[in-house]
Amino acid sequence: MPIDEERDTRKAIFRGLRLKCPSCGKGKVLSGYLKVKDKCNCCGQELHHASVDDGPAYFTLMVVVAIIFPIFGLIYSLFEPKPLWVALSMMALATMLALFILPRVKGMFIGLQCAKRLYGF
Ligand SMILES: [Zn+2]
């Protein structure tokens, strides 16, 4: 892809969200749970430039909290369960949700960096 060609940011972010290469949308962006692949197997786009640091973790935390707190409040106000049951079930739900969302958010950040040509993309 020529260096001056504009990349579609929205498309790259959604491809990253689906854990696909931000350039072609076919190859995988991660190998394993969170390790970024060196390059795409389909189009050869180098992905090792990605430098997302703690951004996906903070974003995931915000999303999980935004989902968990209303559910927590609703369950607690409607059913008045024992606090220990609520705490344990919410911790389990938050953990599963975070584990599901984190790689997708990381892919989204990589897509954004690729589309904006940050960090050597
Ligand atoms: Zn690709």
Subset of the range 49-103 [surrounded by 15 or more Cβ atoms within 10 Å (Cβ to Cβ), more than 26 Å from Tyr119 (Cβ to Cβ) and of a type in the set (Gly, Ala, Ser)]: Ala94
Cβ-Cβ below 6 Å, separation at least six or inter-chain, first residue in the range 10-36 and within 13 Å of Glu46 (Cβ to Cβ), second open to solvent by 100 Å² or more (accessible area, probe 1.4 Å): which pairs? Gly27/Asn41
State which residue is farthest from the ligand (Cβ to nearest atom) when the search covers only the range 1-47 and only residues that are exposed (fewer than 12 other Cβ atoms within 10 Å of the Cβ) and under 15 Å from Gly107 (Cβ atoms). Tyr33
Tell me whether the range 49-62 contains one or more residues that are touching a strand residue (DSSP E or B) at 6+ places or on another chain (Cβ under 7 Å) and within 16 Å of the ligand (Cβ to nearest atom). yes
Subset of the range 82-103 [touching a helix residue (DSSP H, G or I) at 6+ places or on another chain (Cβ under 7 Å) and either more than 21 Å from Asp53 (Cα to Cα) or among the polar types (S, T, N, Q) (or both)]: Val86, Met90, Leu93, Ala94
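Here is a yes/no grid of residues against (1) within 19 Å of the chain's Cα centre (by Cα); (2) on the phi > 0 side of the Ramachandran plot; (3) of a type in the set (Lys, Arg):
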{"site": "Leu19", "(1), (2), (3)": "yes, yes, no"}
{"site": "Leu34", "(1), (2), (3)": "yes, no, no"}
{"site": "Asp54", "(1), (2), (3)": "yes, no, no"}
{"site": "Leu61", "(1), (2), (3)": "yes, no, no"}
{"site": "Phe69", "(1), (2), (3)": "no, no, no"}
{"site": "Lys82", "(1), (2), (3)": "no, no, yes"}
{"site": "Trp85", "(1), (2), (3)": "no, no, no"}
{"site": "Leu88", "(1), (2), (3)": "no, no, no"}
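The values are calculated or read from the model by the stated rules, or taken from the named source; none is laboratory data. Remember, it's a predicted structure, so these values are computed and weren't measured experimentally. For neighbour counting, all protein chains shown are included, and Cβ atoms are generated from backbone atoms with ideal geometry for every residue, glycine included. Areas reflect the complete protein model, heavy atoms only, side chains present, ligands, DNA and RNA absent. Shrake-Rupley method; radii C 1.70, N 1.55, O 1.52, S 1.80 Å.
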